[in-house]
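K.L.:
One structure, as structure tokens, below. Some questions next.
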Amino acid sequence: MAKYRTPEEKIKYRKQQRRRKLAMYSCMALFVFVCSFSIIKAVEFFAGKVVQVQEETGPLQHANTDIVKQAENWSDYTGEVARTINTQLDIVPEMSMVQVMETDPVAISYFDDAMFLGDSLADGFKVYTRTGNLALKDSNACYLTQKSTTPRTFLQPGVHVDAGRGPVDVWATIQQLQPKKMYITLGTNALMSMDAATFIDGYYKLIDKIRETSPDTMIYVTTVTPVAAWKSRQEPRMSFDKILSFNQRITKMCVEKDLALINLYDVLKSSSGYLREEIAAGDGYHLTPTGYQQWLDYLITHTVYNPANQYV
């Protein structure tokens, strides 16, 4: 049974309730203030430690900040080549961050105004796409490919390659055709004859000359493809580390020069980073027809977005 209270007792009781609530709210506010103050001090303490470590260890620690900024720049990448990224980065971006993103497949006619330029890997691609059952044999793509070529090969005065119908002048052909897009595959032969710095120096010069000759061409650059594990052990010049070094420089060049990166390395590698056995030719670095089919499938589904493209 509820206790009876006089009006005076009721007033006194309500005042007591208000005082209890006020005391409770005051305690809660004090608790929040203490917790907030503790958190702020903890953040200031650890921030001071980070600054101290950065001052003691030098520029290397600052790379983490660049990686975060760079990841933010590429997080919204939708297939277009980035044009605003800082080109003076000292760190090398991951290939997966720079590569052309997957799109809807394009029709084979997309390659009618394309040009393929490169070494023996690209030459094998030409052979299989023209004589095999690959769908690209029905396109009008132009091939300026030849075995044992490097970026510097194409910079030589009067350089000619066999485009399938006899030798043709490389630069006269580019000047004449003004291809809408160009796929460049170089590096495998360069592994055998030059270091990474020499290789990429020639590549930069090659890109500059292509743009001077055909300024409206969209340039796709292919990563150096992996080699079989046994080939890497047998031939130190084709080691895992050297291929990685080449690809790091190619990736950085694509960022700096606003090029589209075709990441064939990741497409063709096994979980261990070497060329998958089922698509490796007998020499350990060229590809079987199945490997070239996977190459073509990747190109069809990885193009720089353009609303004018004929998507399937």
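K.L.:
Among Val106, Val227, which comes first, then next, by fewest other beta-carbon atoms within 10 Å? Walk me through the numbers on the way to the answer.
P.N.:
Numbers: Val106 18, Val227 27.
In order of increasing Cβ crowding within 10 Å: Val106, Val227.
K.L.:
Follow-up. What ³J(HN,Hα) values, in whole Hz, does the Karplus curve 6.51 cos²θ - 1.76 cosθ + 1.60 give for segment 237-244 when θ = phi - 60°, with x put for Gly and Pro?
P.N.:
Calculated HN-Hα couplings, in order: 5, 10, 5, 4, 5, 5, 4, 4 Hz.
K.L.:
Oh, and also: For a quick check: with amide H placed at 1.01 Å from N, whose amide H comes under 5 Å from Leu287's, ignoring anything fewer than 5 positions away on the same chain?
P.N.:
It is Ala281, by chain and number.
K.L.:
Also: Would you list Arg211, Arg276 from fewest to most Cβ contacts within 10 Å?
P.N.:
On the way: Arg211 15, Arg276 19.
Ordered by Cβ neighbours within 10 Å, fewest first: Arg211, Arg276.
K.L.:
Work out how much length Ser272 to Ser239 would gain on full extension: take 0.36 nm times their residue separation and subtract the Cα-Cα distance, in nm to one decimal. Write out the running numbers ahead of the final one.
P.N.:
Details: separation 33, 0.36 × 33 = 11.88 nm, distance 1.31 nm.
Full-extension gain reported as 10.6 nm.
K.L.:
Also: If amide H atoms are built 1.01 Å from N in the plane of the peptide, which residues on other chains or at least 5 residues away come under 5 Å of the amide H of Met101?
P.N.:
When sequence neighbours closer than 5 places are left aside, the close amide H contacts are Gly79.
K.L.:
Which far-off residues, 5 or more places away or on another chain, put their amide H under 5 Å from the one on Met182, with H placed in the peptide plane?
P.N.:
Met115, Met218, Ile219, Tyr220
K.L.:
Fully extended, how many nm does the chain gain between Glu94 and Met192 (0.36 nm per residue separation, minus their Cα-Cα distance)? Don't jump to the answer; show the numbers that get you there.
P.N.:
Numbers: separation 98, 0.36 × 98 = 35.28 nm, distance 2.44 nm.
Stretched fully, the Glu94-Met192 segment lengthens by 32.8 nm.
K.L.:
Quick one: plug the Kirkwood hydrodynamic radius of segment 95-300 (C-alpha pairs) into Stokes-Einstein at 20 °C, 1.002 mPa s, and report D in µm²/s. It would help to have the intermediate numbers written out before the result.
P.N.:
Values: Rh = 17.0 Å.
Rounded to a whole number, D works out at 126 µm²/s.
K.L.:
Filter the cross-link list Lys137/Lys242; Lys180/Lys231; Lys209/Lys252; Lys180/Lys242; Lys231/Lys257; Lys137/Lys180 down to pairs whose alpha-carbon distance in this structure exceeds 30 Å. Please report the intermediate quantities before stating the final value.
P.N.:
On the way: Lys137/Lys242 34 Å; Lys180/Lys231 37 Å; Lys209/Lys252 18 Å; Lys180/Lys242 32 Å; Lys231/Lys257 32 Å; Lys137/Lys180 19 Å.
Long pairs (Cα-Cα over 30 Å): Lys137/Lys242; Lys180/Lys231; Lys180/Lys242; Lys231/Lys257.
K.L.:
If you don't mind, another one. Find out how many positive minus negative residues lie around Gly284, taking Lys and Arg as positive, Asp and Glu as negative, among other residues whose Cβ is under 15 Å from that of Gly284.
P.N.:
Numbers: positive: Lys231, Arg233, Arg237, Lys242, Lys269, Arg276; negative: Glu235, Glu277, Glu278, Asp283.
Cβ neighbours under 15 Å give a net charge of +2.
No value in this document is a laboratory result; all are computed from the given coordinates. All values derive from a computational prediction rather than experimental measurement. Here the Cβ is made from the backbone with ideal geometry for all residues, glycine too, and neighbour counts use every protein chain on show.
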